[in-house]
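The block underneath contains the structure these notes are about, expressed in structure tokens.
Each reported figure results from applying straightforward, stated rules to the coordinates on display, with no laboratory input. None of the values given here were measured: they were computed from a predicted structure. Heads up, the Cβs are rebuilt from the backbone with ideal geometry, glycines too, and the neighbour counts pull from every protein chain shown.
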């Protein structure tokens, strides 16, 4: 297989994985009875049937945004890992758009607030951010109980999302 063919196959696989993840995330969050409980999934994706492990958490609080994003709006954290790959951490909002920036502010268990670097997705979605150093972030929250994430939302200023990260089972994710 040529390098170009391999790259095209990887791009297609990435798009399929993102679409499947977002669909699963939307369904899982919709059926979650209690905010603050991790939801674990094992999904088989792609033509080569790769196993993808996810842990998803919905914020305990909801925020209110201006129109057209008004109504119930929560934050979501997803940790995902392809069986043989490195983990990724995603931070998303139900509705709204993150103001373009390279950092968000986090506070873990009431400690000092710290700025962490985030990356935008390649598909230019504005409701999703990737934590730039996922392993370091996971190590910070794996034994924590509470996480606050403050992010700038377009036309709505800074909003704070409160997560109960207690009980994260990294073995379920293969970590």
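Among 161, 137, the order by Cβ neighbours within 10 angstrom, fewest to most, reads 137, 161.
Using only Cα atoms, locate the centre of segment 143-175 and the centre of segment 34-72, then give the distance between them in Å, rounded to an integer. About 12 Å separates the Cα centre of segment 143-175 from the one of segment 34-72.
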